Amino acid sequence: RPNAVTIASLVSACGDALELNDGKCLHGWAIRQKVYSSVIIETSLISMYAKCNRIDLCFRVFSGASKNQTGPWSAIIAGCFQNGLLRDAL
């Protein structure tokens, strides 16, 4: 069974390849397997959705992410910049 690091790596690869549908499938699988709440997966999902120009999904993931960790914050700020949302990034 894949662990959080494996899932995060796969999600990241989906973002790099702009494979939104595969990334969404992994997101759903992580939720069903109850490994979704890992900060590394949250961060990877935010980054993947940003790379696929789905900033709405970035914010949805971020809204449930661990706010006391730097990973999700860095990913959402970078995602806003990548998608031209400079005011939101600040």
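Observations on the structure shown:
- Residue in the range 1-25 that is nearest to the chain's Cα centre (by Cα), counting only those that are within 17 Å of S38 (Cβ to Cβ) and polar (S, T, N, Q): S12
- Any hit, the range 21-31, residues being closer than 19 Å to Q69 by Cα and touching a helix residue (DSSP H, G or I) at 6+ places or on another chain (Cβ under 8 Å): no
- Screening the range 1-47 for residues that are within 20 Å of G79 (Cα to Cα) and polar (S, T, N, Q) and picking the one that is surrounded by the most Cβ atoms within 10 Å (Cβ to Cβ) gives S44.
Quick note: the coordinates plus some simple rules give every number you see, no bench work behind them. Note that the structure is predicted; figures quoted are calculated from it, not measured. Cβ coordinates were reconstructed from backbone atoms using ideal geometry, including for glycine residues, and neighbour counts include every protein chain displayed.
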